Amino acid sequence: MTVHPILRMGDPRLLRIAQPVLEFATPQLRELVVDMFETMEAAGGVGLAAPQIGVDLQLVIFGFEVSERYPDAAAVPLTVLLNPRLTPESDAVEVGWEGCLSVPGLRGQVPRWRDLRYQGVDLDGNPIDRSVTGFHARVVQHECDHLIGRLYPSRIRDFSTFGFSEELFAGTEAPPAD
């Protein structure tokens with residue numbers, strides 16, 4: 001098992017479009033997923049996309065029971081999601097603080113669909129079809145953005161809410177990073 005280095009904003013590999021996973025349940029894919037969970041846990045994240053470790057596959061992992069970074073967030077089931085498709089289930093949009101393991105030290109307020117349906121397959125190729133809301137929906141959208149070469153700063157509408165955590169939240173407890 002390997003903890004991989006996480007690519008940081010500015011690395012051109014983060015801007016590429018990830019390729020669909022075509023073969024499921026292979027030993028290589030299983031090893032990659034184990035490595036991704038170890039990498040996510042070592043970094044203290046709640047999600048990780050394969051492109052963040054330089055792997056151009058449509059593969060994201062996310063989930064937690066209790067998160068030190070997000071103490072008020074409801075648990076999100078540990079999920080391996082391949083070839084995801086996202087569909088908003090309402091017009092409602094929520095703006096909330098985000099950070100990213102690939103954009104360390106920075107935070108910003110990002111609009112995301114509040115109600116989301118996500119579909120795809122798991123590691124074995126079994127279908128996943130979930131309707132979620134709130135923080136769970138935010139995490140899925142954030143991770144799936146990595147599959148299309150997007151980082152959260154590109155979604156910020158008000159750049160007065162984007163900056164270094166130490167500056168934005170001087171004297172207060174900063175909201176969690178991704």
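The values are calculated or read from the model by the stated rules, or taken from the named source; none is laboratory data. Just so we're clear, the structure is a prediction, and the values are computed from it rather than from any experiment. When we count neighbours, we look across all protein chains shown, and the Cβ atoms used for this are built from the backbone with ideal geometry, even at glycine. Remember, those area values only see protein heavy atoms, side chains included, never the ligands or the DNA or RNA. Shrake-Rupley method; radii C 1.70, N 1.55, O 1.52, S 1.80 Å.
Results, tabulated for the structure shown:
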item	result
Residue check for Asp91: charged (D, E, K, R) and surrounded by 20 or more Cβ atoms within 10 Å (Cβ to Cβ)	no
Qualifying positions in segment 1-28 - modelled with pLDDT under 95 and either of a type in the set (Gly, Ala, Ser) or surrounded by 13 or more Cβ atoms within 10 Å (Cβ to Cβ) (or both)	none
The one condition in (1) exposed (fewer than 14 other Cβ atoms within 10 Å of the Cβ); (2) at pLDDT below 95 that Leu168 fails to fulfil	(1)
Every residue from segment 149-161 that is of a type in the set (Val, Ile, Thr) and surrounded by 16 or more Cβ atoms within 10 Å (Cβ to Cβ)	Ile156
Test result for Gln119, of a type outside the set (Val, Ile, Thr), in contact (Cβ under 8 Å) with a residue 12 or more places away in the chain and over 22 Å from Leu15 (Cβ atoms)	yes
Of all residues in segment 29-78 being touching a Leu at 6+ places or on another chain (Cβ under 8 Å), open to solvent by 20 Å² or more (accessible area, probe 1.4 Å) and part of a loop (DSSP other than H, G, I, E, B), the one that is farthest from Gly120 (Cα to Cα)	Gly54
Residues being of a type in the set (D, E, K, R) and either under 15 Å from the mean Cα position of the chain (by Cα) or surrounded by 21 or more Cβ atoms within 10 Å (Cβ to Cβ) (or both) - total across segment 102-148	5
Hits in segment 136-157 - residues which are farther than 22 Å from Tyr70 by Cβ and not in a helix (DSSP H, G or I)	Gly149, Arg157
